[in-house]
Amino acid sequence: MTQPFELPHFYLPHPARLNPHVDEARAHSTGWARDMGMLEGSGVWEQADLDAHDYGLLCAYTHPDCDGPALSLITDWYVWVFFFDDHFLEKFKRTQDRAAGKAHLDRLPLFMPLDPAAPVPEPENPVEAGLADLWARTVPAMSAGWRRRFALATEHLLNESMWELSNINEGRIANPVEYIEMRRKVGGAPWSAGLVEYATAEVPAAVAGTRPLRVLMETFSDAVHLRNDLFSYQREVEDEGELSNGVLVLETFFGCTTQEAADIVNDVLTSRLHQFEHTAFTEVPAVALENGLTPAETAAVGAYTKGLQDWQSGGHEWHLRSSRYMNEGARSAAPWQSPSGPGTSAADVGALLAGAGAERLRAHAHVPFRKVGPSIIPDIRMPFPLELSPALDGARRHLREWSRRIGFLNEGVWDEDKLESCDLPLCAAGLDPDATQEQLDLASGWLAFGTYGDDYYPLVYGHRRDLAAARLTTVRLSACMPLDSGEVPPPPVNAMERALIDLWRRTTAGMTPDERRPLKSAVDTMTEAWVWELSNQIQNRVPDPVDYLEMRRATFGSDLTLGLCRAGHGPAVPPEVYRSGPVRSLENAAIDYACLLNDIFSYQKEIEFEGEMHNAVLVVQNFFGVDYPTALPVVQDLMNQRMRQFEHVVEHELPVVYDDFQLSDEARAIMRGYVTDLRNWMAGILNWHRSVDRYKDEYLSGRVHGFLPDRAPAPPVPV
């Protein structure tokens with residue numbers, strides 16, 4: 001069969017190495033698969049299928065340094081996960097039997113108890129038998145924290161198969177942002193990262209949840225999945241009718257040829273690997289130092305990082321050899337080696353290094369403060385009506401007085417004119433049209449705090465390249481939000497601290513520590529993301545597109561906004577509903593719509609007047625090497641796709657969630673209200689951007705940008 005496209009030249013600088021225990025793992029996994037009932041008689045695999053796929057070779061390449069028993073156990077896990085995937089395809093995807101598929105998935109977590117001594121049900125099929133056996137053999141060697149993380153990754157891997165099945169049933173192809181997010185879960189690479197820990201070293205609990213370790217796992221995941229999409233396009237799309245493939249997603253989004261889409265996928269893959277390396281070399285050492293890791297713990301993080309690198313190279317080498325994939329004309333993962341073996345005849349180290357070097361350089365070649373002219377505002381789809389709170393005028397007066405009292409106008413960052421140009425109460429009035437005067441005053445204050453801080457960090461710390469002072473400010477802001485109502489925050493030393501102490505006191509009055517914790521975490525996420533932006537500014541680095549979109553949610557204060565929207569929903573809606581895939585998908589679609597909207601309106605303000613590089617339009621320009629008019633429609637299309645996804649989730653996915661969780665009428669009404677809140681949020685943000693002076697050329701061109709003259713920091717003011 002003719003391949004649908006020519007496989008690209010992959011960037012993969014680490015040579016693949018083969019574990020010497022490969023034959024032991026092959027023999028063991030074959031016997032194990034037969035014992036579990038996965039071969040003859042399963043209706044899914046025969047012995048010839050298992051031999052042809054050669055999962056022993058996969059694991060020997062991806063885990064080159066572990067001993068024989070560990071390699072055999074890891075190989076059993078991969079035999080199980082690929083059997084699960086093919087079993088789900090045959091039993092549920094091909095038949096499009098959603099109800100039976102869900103019932104099958106609902107039982108599987110029962111075979112992964114966090115307590116190894118806990119009983120499990122009697123397995124009813126090879127998938128359940130394999131999972132029960134593997135869990136019992138694996139978890140005694142790992143900590144409780146690892147068990148929780150690995151069980152969650154396994155549940156995501158299993159449960160998001162329903163997302164794929166639903167899309168097949170509807171004939172729906174995901175948008176690029178949705179696809180990257182969901183592919184991490186259904187593709188299983190976070191799950192693979194857990195097994196890398198088993199084979200190398202467990203990540204210390206102190207840093208397991210930090211951004212650098214999360215980015216290592218996510219970039220590893222994205223690169224693994226996108227590489228697999230390139231090799232598996234023919235089997236998945238042409239043979240199986242699968243719609244969850246990155247090449248197909250970009251082919252559909254851009255309306256381009258399959259070859260062009262494959263080349264773009266490879267560019268994204270390369271960008272993710274560059275992000276992995278950047279994080280490993282710059283952010284991981286810093287987080288190890290900040291968290292006081294011991295030498296042994298630091299070595300564990302290093303071993304884990306190297307294990308992820310080995311997986312990339314080894315996984316590529318296996319794809320070159322496995323009959324499961326199209327690999328004709330593929331180039332070796334190690335182009336500097338002598339041309340022998342599959343794929344090495346096309347070795348070209350010069351092309352590899354030249355291409356990789358050009359892409360790296362482009363990320364740091366942005367010239368700040370270049371003139372771009374007024375922002376071009378394209379047609380923006382908004383299907384929801386605008387409503388405004390009648391308390392708007394009162395909130396404007398209150399915010400003006402509050403900002404003076406807090407000191408926002410006395411530190412050289414804002415003056416009266418800058419505050420008026422923002423008209424933040426107008427935004428708050430659209431976000432919550434039913435707000436009382438007190439509620440709108442409070443919401444306007446939160447918006448002022450977030451907007452002022454977003455202006456303050458790059459202006460004060462960015463221009464003098466003072467990352468240490470920014471980190472200290474972030475730590476102090478976190479201390480301004482005590483979880484215990486009896487705890488006293490530190491004396492404020494600037495307007496941001498005074499504002500946050502006041503907002504926190506007014507917002508959390510009557511809240512328990514557990515109710516305060518998500519709100520504190522949301523503010524911390526936002527302020528830490530400002531430090532991330534500042535770090536990129538100091539390095540003059542335009543971020544990777546995927547990393548940018550995900551961090552943009554944090555810099556925009558999205559978690560804070562959502563937390564305030566959910567406040568008062570009460571126990572009728574279980575927390576598991578908010579953690580469900582469809583609800584997170586709904587929220588992220590709304591958030592991304594608003595973030596991309598802001599980037600379109602603020603392009604001139606950020607690029608020309610502030611020397612910024614955190615803007616989706618610029619990120620697209622940099623990634624594709626195109627001009628502003630070419631990049632803008634890409635961002636516009638993506639924003640409109642996120643709106644369509646929001647509508648799709650509301651119409652098709654939320655009703656299923658309500659039924660799955662057997663929500664009461666009260667809980668369903670609350671969730672419908674939450675959807676309305678998000679609709680108001682998007683409509684209000686669009687109206688605000690269209691109305692205020694903050695982003696308009698005539699306003700921007702008439703101001704001095706930078707510190708305002710004759711302004712000294714405000715002294716502490718009692719609040």
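The values are calculated or read from the model by the stated rules, or taken from the named source; none is laboratory data. Predicted model only: the values in this text are computed from it and were never measured. All Cβ positions, glycine included, derive from the backbone under ideal geometry; neighbour counts span all protein chains shown. Side chains are part of the model used for accessible areas, which takes the heavy atoms of the whole protein and leaves out ligands, DNA and RNA. Shrake-Rupley method; radii C 1.70, N 1.55, O 1.52, S 1.80 Å.
On the protein heavy atoms, probe 1.4 angstrom, tell me the percent of accessible surface of the chain carried by carbon and sulfur. Spell out each step's value before the answer.
Details: 15200 of 27910 Å².
Whole-percent figure for carbon plus sulfur exposure: 54.
Look at where the Cα atoms of the range 19-55 and of the range 421-474 average out, and the two centres are 58 Å apart.
Across the range 1-135, Cα-Cα pairs more than 17 Å apart make up 66 percent of the total. Here each label is just a point 7 Å from Cα along the line to Cβ, and for residue 120 and residue 437 those points are 6.2 nm apart. To the nearest ten degrees, helix 392-406 and the longest principal axis of the Cα atoms of the chain are 90 degrees apart.
Compute the Cα gyration tensor for the range 90-212, then decide on rounded, prolate or oblate, letting a ≥ b ≥ c be the square roots of its eigenvalues: rounded whenever a/c is under 1.5, prolate when a/b is larger than b/c in the other cases, and oblate in all that remain. Note, shape of the range 90-212 comes out oblate. Spatial offset of the range 253-280 relative to the range 215-242 amounts to 12 Å, using the alpha carbon center of each.
Nothing charged except the Cβ atoms of Lys and Arg (+1) and of Asp and Glu (-1): what's the magnitude of the dipole of the chain about its Cα centre? Round to the nearest 20 debye.
1700
Think of the range 389-496 as a dipole: +1 on every Lys or Arg Cβ, -1 on every Asp or Glu Cβ, centred on the Cα centre; then among 389, 491, 444, 491 lies furthest on the positive end. Think of the chain as having a plus end and a minus end, set by charges on the Cβ of Lys, Arg, Asp and Glu; of 518, 9, 52, 518 sits farthest toward the positive end of this dipole. Placing unit charges on each Cβ (+1 for Lys and Arg, -1 for Asp and Glu) gives the chain a dipole about its Cα centre, and among 413, 78, 105 the Cα reaching farthest toward its positive end belongs to 413.
What the Cα atoms of the chain give is an Rg and a Dmax of 26.4, 83 Å.
Let me spell out the model: positive unit charges on the Cβ of Lys and Arg, negative unit charges on the Cβ of Asp and Glu, origin at the Cα centre of the range 439-593. What dipole size does that give, in debye rounded to 20? Present the calculation step by step, with values, prior to reporting the outcome.
On the way: 16 positive and 20 negative charges, 36 e Å.
Dipole of the range 439-593, to the nearest 20 debye: 180 debye.
Write down Rg/Rh for the range 72-119, rounded to two decimals, with Rg from the C-alpha atoms and Rh from the Kirkwood relation over Cα pairs.
Numbers: Rg = 13.2 Å, Rh = 12.3 Å.
Taking Rg over the Kirkwood Rh, I get 1.07.
At 1.4 Å probe size, with every protein chain present, just tell me what the per residue accessible area of the range 63-173 comes to in Å². Walk me through the numbers before you get to the answer.
Details: 4280 Å² over 111 residues.
The answer is 39 Å² per residue.
What net charge is computed for the residues neighbouring residue 397, neighbours being all others with C-beta under 14 Å from the C-beta of residue 397, Lys and Arg scored +1, Asp and Glu -1? Surrounding charge for residue 397 is -3.
Divide, for the range 1-79, the radius of gyration over alpha carbons by 2.2 N^0.38 Å, where N is the residue count.
Numbers: Rg = 15.0 Å, N = 79, 2.2 N^0.38 = 11.6 Å.
Normalised Cα radius of gyration, the range 1-79: 1.30.
The gain in end-to-end length when the residue 94 to residue 369 segment is fully stretched comes to 93.5 nm, 0.36 nm per residue minus the alpha carbon separation.
Divide by every residue of the chain the summed helix terms, -39500 (n - 2.57) for each DSSP H run of at least 4, and state the resulting mean residue ellipticity at 222 nm, rounded to the nearest 500 deg cm²/dmol. Can you show the working numbers first?
Details: 33 runs with 448 residues, N = 719.
Result for the chain, helices only: -20000 deg cm²/dmol.
Working note: Cα atoms of the range 455-522, range along each principal axis, descending, whole Å: 41, 20, 18.
In Å², what does the accessible area per residue of the range 418-550 work out to with a 1.4 Å probe? Could you put the intermediate results ahead of the total?
Working: 4910 Å² over 133 residues.
Value for the range 418-550: 37 Å² per residue.
When Lys and Arg each count +1 and Asp and Glu each count -1, what net charge do the other residues less than 10 Å away from residue 643, Cβ to Cβ, add up to?
Values: positive: 381, 642, 644; negative: 592, 647.
Charge balance near residue 643 sits at +1.
Mean separation of Cα pairs under 8 Å and 6+ residues apart, divided by the residue count of the range 604-667: what relative contact order is that in percent? List each step's numbers first, then the result.
Working: 20 pairs, mean separation 10.6, N = 64.
17 percent.
Could you tell me whether the range 370-513 comes out rounded, prolate or oblate from its Cα gyration tensor? Rule is a ≥ b ≥ c as square roots of the eigenvalues, rounded for a/c under 1.5, then prolate if a/b exceeds b/c, otherwise oblate. Taking the square roots of the gyration eigenvalues as a ≥ b ≥ c, the range 370-513 is oblate. The angle between the Cα long axis of helix 189-199 and the main principal axis of the chain comes to about 70°, on a 0 to 90 degree scale.
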